[in-house]
1. Would you confirm, using the coordinates I've provided, whether Arg68 is of a type in the set (Lys, Arg), surrounded by 15 or more Cβ atoms within 10 Å (Cβ to Cβ) and more than 21 Å from the chain's Cα centre (by Cα)?
2. Hey, among the residues in region 211-224 that are open to solvent by 50 Å² or more (accessible area, probe 1.4 Å) and not hydroxyl-bearing (Ser, Thr, Tyr), which one's farthest from Pro172 (Cα to Cα)?
3. Filter region 1-58 down to the residues that are in a strand (DSSP E or B) and open to solvent by 40 Å² or more (accessible area, probe 1.4 Å), then identify the one that is nearest to Lys112 (Cα to Cα).
4. Looking at (1) modelled with pLDDT of 90 or more; (2) open to solvent by 40 Å² or more (accessible area, probe 1.4 Å), which one does Arg94 not meet, given that it meets all the others?
5. Looking at region 102-120, can you tell me whether even one residue there is over 19 Å from Pro143 (Cα atoms), open to solvent by 60 Å² or more (accessible area, probe 1.4 Å) and touching an Asp or Glu at 6+ places or on another chain (Cβ under 9 Å)?
6. Could you check, for region 171-191, whether at least one of its residues is touching an Asp or Glu at 6+ places or on another chain (Cβ under 8 Å), over 30 Å from Arg60 (Cβ atoms) and of a type in the set (Asp, Glu)?
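The values are calculated or read from the model by the stated rules, or taken from the named source; none is laboratory data. Source: prediction; values computed, not measured. FYI the Cβ positions are ideal-geometry reconstructions off the backbone, even for glycines, and counts take in every protein chain you see. These accessible areas exclude ligands, DNA and RNA; they are computed on the full protein's heavy atoms, side chains included. Shrake-Rupley method; radii C 1.70, N 1.55, O 1.52, S 1.80 Å.
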Amino acid sequence: HSFDYIYSEHLFEHLSIEEQTIMLQECYRILKPGGRMRLAMPNLHFLMELYLHPDKECNRRYLAWSHRLFGMKQGVPEVMEKDYPIHVINNFFRLWGHQFIHTPESLENLAKGIGFQGIRPYPIGSSDTPALQGLERHGQNIPAWANELETFVVEVEKPEQEIPTEEETDGPKISLIIPVYNGERYLDACLKSVVAQSLDGLEVILVNDGSTDSSGQIMKEYVR
């Protein structure tokens, strides 16, 4: 409950799904109630579009640009244009160490499972929150038009009031632990006072530490 905002740009996809889960859990933990997290990352839908619709004008432009810039690193003598999608998509994962690339829908499901709410998409650089506006810089490393094609941006919010889990709502809120050793003179009065209190969600744990008097029998009677 310490931070108002968290920002991540083109980092998330370099983590495994297990590491992504840990990262989101930790971000949720340190955000204040009502705090926001903004994430920018590649879109798996975009890669699927490159493969399914390579003749679309924007996709042809991206494929030609990406293959010209990065394809030569593979040492392949000649790649036919019809094979650009296969090479570019493989390069997209391998050259930069991408491990798990999301769609907006899969990221939303992951974030919701951790407790985030208010999951909203935004154009690059835009936000309803002034502190989260104009942060993206990936478009300075690659052409802005290419960044617009491959990147999606979302913001997620930690609820103002955290929703308790089933375990938190159904389980005891207070555990009263009473160690007992030969306490028959006082045990009945002690347990009567415990039973008479008005706290909700109380569990009482009686620990018989080898009593040789009737303490154990008194405890069994209260349990019964």
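1. Numbers: of a type in the set (Lys, Arg): yes; surrounded by 15 or more Cβ atoms within 10 Å (Cβ to Cβ): no; more than 21 Å from the chain's Cα centre (by Cα): yes.
When the stated conditions are applied, Arg68 does not pass them.
2. Only one residue tops the list, namely Gln217.
3. In the first step, residues of region 1-58 are kept if they are in a strand (DSSP E or B); the result is 3-9, 31-42.
Those still in the list that are open to solvent by 40 Å² or more (accessible area, probe 1.4 Å) too: 3-5, 7, 9, 32-33.
Details: Phe3: 19, Asp4: 19, Tyr5: 18, Tyr7: 18, Glu9: 20, Lys32: 17, Pro33: 15 Å.
Among residues in region 1-58 that are in a strand (DSSP E or B) and open to solvent by 40 Å² or more (accessible area, probe 1.4 Å), the one nearest to Lys112 (Cα to Cα) is Pro33.
4. The one condition Arg94 does not meet is (1).
5. Within region 102-120 (the criterion being over 19 Å from Pro143 (Cα atoms), open to solvent by 60 Å² or more (accessible area, probe 1.4 Å) and touching an Asp or Glu at 6+ places or on another chain (Cβ under 9 Å)), the answer is yes, since at least one residue qualifies.
6. Yes; the residues of region 171-191 include at least one that is touching an Asp or Glu at 6+ places or on another chain (Cβ under 8 Å), over 30 Å from Arg60 (Cβ atoms) and of a type in the set (Asp, Glu).
Okay, residues lined up against (1) over 27 Å from His53 (Cβ atoms); (2) crowded, with 18+ Cβ neighbours inside 10 Å:
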| residue | (1), (2) |
| --- | --- |
| Met80 | no, no |
| Tyr122 | no, yes |
| Gly125 | no, no |
| Glu136 | no, yes |
| Gln140 | yes, no |
| Ala144 | no, no |
